[in-house]
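Below is one structure, written out as structure tokens, with a few remarks after it.
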Amino acid sequence: MPLAFRSRSHGIVAFGYFNIRTDLLLLDHLFLFTDRFCRGALAVLLPPPGSGPSAVVDGWRIDDPRRLGSLDGAISGRDLHGFLGDTYRRWPFPERRADFRQDPDGDRNRQETEALVLRWGTPLDIPFARDPAARSVTLGATVFDDDEFLRLVAYVDRGGLPRWRDDRHPDVVAEMMRNLRDAGIVPEPFDPRRQV
């Protein structure tokens, strides 16, 4: 589930997985797949020699709340309008609490997920940039302190609030974390109880 994170630019923002059967992340009204997030995070935290700490990845934006839908309503099955409603109509919240785990194979549903988000959202390029002097990372238009951005990375590494099913990370997440650890960048394990 998306959780609250503190930004410099927009105050408290929601970030995270919103359906356990997809690998799509949301940041406020932006949406991007896990591999894009990992690519952007590595580009700003470990820029290749000779290039600046930045990247641009593809994603989508849904500004209109009616087009976005209600996450609580979609999860409960009471309000299945908009993008979130379509997503939960396709992949309902699990009946058993024990089945509430983020699917490490959510990318297998990528084609269906992309068709749903294209119906409701606008494609756009999402920039990632790091300002080492300011100790900040910008994702889209949202600016985070370096430490808070590393909390986003740790959230993805954990598989969000429910964790990855069977604690099995997607390859792209495992590779991102391996690269960061090899460079001495080790985010604290994500603790969902530590809210802003």
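Taking residue 179 as the residue in question, decide whether it is open to solvent by 50 Å² or more (accessible area, probe 1.4 Å) and in contact (Cβ under 8 Å) with a residue 60 or more places away in the chain. Yes: the conditions hold for residue 179. In the stretch 1-26, the residues that are farther than 13 Å from residue 152 by Cα form Cβ pairs under 6 Å with partners that are charged (D, E, K, R) and crowded, with 16+ Cβ neighbours inside 10 Å, at six or more places apart or across chains, as follows: 20/103; 21/103; 23/107.
The values are calculated or read from the model by the stated rules, or taken from the named source; none is laboratory data. Everything quoted here is computed from the prediction, not taken from an experiment. When we count neighbours, we look across all protein chains shown, and the Cβ atoms used for this are built from the backbone with ideal geometry, even at glycine. SASA here: full protein model, heavy atoms, side chains in, ligands and nucleic acids out. Shrake-Rupley method; radii C 1.70, N 1.55, O 1.52, S 1.80 Å.
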